[in-house]
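The block underneath contains the structure these notes are about, expressed in structure tokens.
The values are calculated or read from the model by the stated rules, or taken from the named source; none is laboratory data. From a predicted model like this one, the values you see are computed outputs, not experimental measurements. Cβ sites come from the backbone with ideal geometry, for glycine too, and all protein chains shown count toward neighbours.
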Amino acid sequence: MSCSGCAPIQPVEDQGRVRFKPRHHLVSAVIHESRLASETGAEEIIVSYDTKDELLDLVHSLYTLPTEVVEATDISITGRGRDERNSPWISLAQMKARMNHVNVVEIIQQGQFSSHMQPIVDASENVVGFEFLLRPAPNGVPFQPYQLFEIARETGMHSFLDRAARISAIETSAQWLPRGIKRFINFLPSSIYNPEYCLSHTFRTIDKFHLDPRDFVFEVVETEQIENMDHLLKIFKTYRDHGMKVALDDVGSGYSTLEVMSMLKPDYVKIDRSLIDRCDQDASKRELILSIMDRADKFGGQVLAEGIERREEFEFCRTTGIHLAQGYLFGKPSDRPPFGALRAV
């Protein structure tokens, strides 16, 4: 089985063939005007190019077609001498986005990023885990993580980026963290088409470094609306079948509603930072936090408060029985953990 969405992204080579499907008459007309050598198959048009400039000129010409044609046309580019069966298909619109964001595409292709760790503490302020967050590589091109994932989605590279980010986090955890320390790692549900296959790279990396699966917690990132609950439940089951835990992020805000939490029954419930901010001074926030805790308690989920920056917020969370906490009060994301502060759980 293969998955074009998370396969390695090959650079466009100077010579090769490009295939277009479906066969739209307007696409055929533009190719005819380009005077490049072409052939027409049963379902696709195949064009040979001898320089990268020829290819770029052709593709730019196709962008002048009506939007509905561009969005409905798929393209696959294969370097000369390579096997076309290994060349993934992407939409012409995604190819256009890749050309418009060349610098960002290079960051994703070349893995020019690193994983930073933000501490997670228990009620006694012992560091018991870390959340892994994507950051620019040392001396690399700067970027905003949210923007990087947005462009990855626009270019059809989000599955590749999501997998690469997970693997980077696992490798970083193997370098710095002892057994027993939890490792919270984000994932995009939309990047995982077939859980057992798409996550196989993740599981193999954990095995490669002889890490304990019980130390890993995979959490749904807050930017994604959960459109297919059954699919997400299958992803959760796959993680759990391999001995790992799952978490739901930003509960109480945005897409992570209390109803979603009760349906998914995650092992960890992360309360949104907007609820935690000055919760000690806001009765309505305190009431919602207590409601989240009550629901989580019914299915045995551990509650983690995110975004704690003030001692008063932590004291309220601790007195209400919240299990774990995370925020600038305890430490900012860093490329290495605070040694001496770790306690295995």
Every pair of residues 6+ apart whose Cβ atoms lie under 9 Å, when the first sits in the range 194-206 and is closer than 10 Å to HIS242 by Cβ while the second is of a type in the set (Gly, Ala, Ser) and surrounded by 15 or more Cβ atoms within 10 Å (Cβ to Cβ): ILE206/ALA174
Would you be able to say whether some residue in the range 155-163 is over 30 Å from LEU65 (Cα atoms) and more than 21 Å from the chain's Cα centre (by Cα)? no
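Quickly run through the range 25-40 and pick out the residues that are without any contact (Cβ under 8 Å) to a residue 12 or more places away in the chain and assigned to a loop (DSSP other than H, G, I, E, B). If you could, list the steps in order and put the result at the bottom.
First pass over the range 25-40, keeping only residues without any contact (Cβ under 8 Å) to a residue 12 or more places away in the chain: 25, 29, 32, 35, 37-39.
Across the range 25-40, the qualifying residues are ARG35, ALA37.
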Provide a single number: the residues in the range 49-75 that are of a type in the set (S, T, N, Q) and surrounded by 18 or more Cβ atoms within 10 Å (Cβ to Cβ). 1
In the range 242-253, is there at least one residue being surrounded by fewer than 23 Cβ atoms within 10 Å (Cβ to Cβ) and part of a helix (DSSP H, G or I)? no
Residue satisfying all of: in the range 158-180; of a type outside the set (Gly, Ala, Ser) and either in contact with a Lys or Arg (Cβ under 8 Å, 6 or more places away or on another chain) or not assigned by TED's automatic domain parsing to the domain that holds VAL220 (or both); surrounded by the fewest Cβ atoms within 10 Å (Cβ to Cβ) among these: TRP176
If ARG343 passes every condition in (1) of a type outside the set (A, V, I, L, M, F, W, C); (2) modelled with pLDDT of 95 or more; (3) closer than 30 Å to THR172 by Cα but one, which one does it miss? (2)
Tell me, please, whether a residue that is outside the structural domain of ARG153 (by TED's automatic domain parsing), over 20 Å from GLY16 (Cα atoms), small (Gly, Ala, Ser) and in a helix (DSSP H, G or I) can be found in the range 60-68. no
Find the residue count for the range 76-87, including only residues that are part of a loop (DSSP other than H, G, I, E, B) and crowded, with 18+ Cβ neighbours inside 10 Å. 1
In the set ARG310, ARG286, ARG318, the lone residue that is surrounded by fewer than 23 Cβ atoms within 10 Å (Cβ to Cβ) and in contact (Cβ under 8 Å) with a residue 60 or more places away in the chain is ARG318
Name the pairs: first residue in the range 166-185 and more than 12 Å from ASP335 (Cβ to Cβ), second residue assigned to a loop (DSSP other than H, G, I, E, B) and among the acidic types (Asp, Glu), Cβ to Cβ under 8 Å, at least 6 apart or on different chains? ARG179/ASP212; GLY180/ASP212
Could you tell me whether TYR255 is more than 16 Å from the chain's Cα centre (by Cα), farther than 22 Å from ASN194 by Cα and modelled with pLDDT under 95? yes
Going by what's in this entry, would LYS237 be described as under 20 Å from VAL303 (Cβ atoms), within 21 Å of the chain's Cα centre (by Cα) and at pLDDT 95 or above? no
Filtered residues of the range 267-280 (kept if touching an Asp or Glu at 6+ places or on another chain (Cβ under 8 Å) and more than 19 Å from PRO119 (Cα to Cα)): ARG278, CYS279, ASP280
